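Q: Let me begin by handing over the structure; questions about it come next.
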Amino acid sequence: MNVLVIGANGQVGKEIIKKLKDTKHNATALVRKEEQVQELRNLGADHVVLGDLEEDFSHAFKGIDSVIFAAGSGGSTGVDKTLLIDLWGAKKAVDYANQSDIKHFVQLSAADSLDVDDESEKMKPYAVAKNMSDYYIEQSNLDYTIVRPGPMNNDNANGKIELHQTTRQDHFNDYLITRQDVAHVLVETLGKEHLFKKSFYIKQGDSSIVDALETVK
Ligand SMILES: NC(=O)c1ccc[n+]([C@@H]2O[C@H](COP(=O)([O-])OP(=O)(O)OC[C@H]3O[C@@H](n4cnc5c(N)ncnc54)[C@H](OP(=O)(O)O)[C@@H]3O)[C@@H](O)[C@H]2O)c1
């Protein structure tokens, strides 16, 4: 499959590109700056396409079968960018995916996307953006998979996770998970039909990623 990675220059995005190199899939990295192109090529991207989520980036979907959305405005920008990237950028990606007959849309969401009112004042706009973009995906005609990790760190891959399909009874947003493991989960979901139209939470655990994904009903 030809896989478009949106947010490919990000910390998770780069791990996704590296992971895709070990699969039969072809990786297309969407980045917003010319100076990011060579590094993504070096990491293993088969194609690199320039595009900005605040503009029209529909050209990036040409020849693409599946999409991983791993972009985000980050913690150092204001609520305006949270709205424009995490919410509106994701909404546009879903629309382009629908227009392009994309087979599978994989969304990197967050464990704190559900109970917005329980979030800190600082996190509330982000939680709203993720909550509503997830909802927009769920209401679309796409075959999607929504992955909700808690806070991520840059430790080496653990390779083992715990996965739940229900809500935060287990306080998933209190538990760390490595970006490498999150990237592995996102790549492993690609094209797996039993994961279509499913959402789940992940944290570090005792099951192999493949085994944990097998449990999704
Ligand atoms: N941090 C956590 O603990 C946590 C937990 C759960 C879920 N998440 C979600 O995971 C996502 C990825 O995390 P991360 O650590 O990889 O974040 P990151 O390193 O900040 O990566 C985000 C990527 O989005 C790209 N981006 C932002 N605005 C863009 C635009 N207008 N057009 C195109 N690309 C744009 C950035 O591009 P540049 O490289 O050009 O800046 C960057 O490459 C987060 O955004 C968040 O939604 C995070």
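Q: Please report PHE196, PHE57, PHE105 as a ranked list, fewest other C-beta atoms within 10 angstrom at the top and most at the bottom. Show your work: numbers first, answer last.
A: Details: PHE196 15, PHE57 20, PHE105 23.
With the sparsest Cβ surroundings first, the list reads PHE196, PHE57, PHE105.
Q: Here is a follow-up. On a C-alpha basis, how far is the centre of the range 99-115 from the centre of the range 175-204 in Å? Whole number, if you could?
A: 11 Å
Q: Ordered by residue, what ³J(HN,Hα) values in Hz, to whole numbers, does the range 146-152 give under the Karplus form 6.51 cos²θ - 1.76 cosθ + 1.60, where θ = phi - 60° and Gly and Pro are x?
A: 10, 10, 10, x, x, x, 9
Q: Right, next: The chain: longest stretch without exposed GluC sites (Glu not before Pro) (DSSP loop, at most 10 other Cβ within 10 Å), sites themselves excluded?
A: Working: sites that count: GLU55, GLU121.
With GluC sites (Glu not before Pro) excluded where exposed in loops, the chain gives 122-217 as its longest stretch.
Q: Another question, if that's okay. If the cut-off is 29 Å between C-alpha atoms, which lysines fall inside it for LYS21, apart from same-chain ones fewer than 8 positions away?
A: Result set, ordered by chain and number: LYS33, LYS62, LYS91, LYS92, LYS103, LYS130, LYS160, LYS192, LYS197, LYS198, LYS203, LYS217.
Q: Here is a follow-up. Please compute, over every Cα-Cα pair in the chain, the percentage with a separation greater than 21 angstrom. Display every interim value, and only then the final one.
A: On the way: 11659 of 23436 pairs.
Considering the chain, 50 percent of its Cα-Cα pairs are separated by more than 21 Å.
Q: Run through the range 10-39 and list the trypsin sites (Lys or Arg not before Pro) located in a DSSP loop whose Cβ has at most 16 other Cβ atoms within 10 Å.
A: Numbers: sites: LYS14, LYS18, LYS19, LYS21, LYS24, ARG32, LYS33; in loops: LYS24, ARG32, LYS33.
Filter output for the range 10-39: LYS24, ARG32, LYS33.
Any read-out appearing in this document is the output of simple, stated calculations on the displayed coordinates, not a laboratory observation. Note that this is a predicted model, so its numbers are computed, not measured. We place every Cβ from the backbone using ideal geometry, glycine too, and count neighbours over all the protein chains shown.
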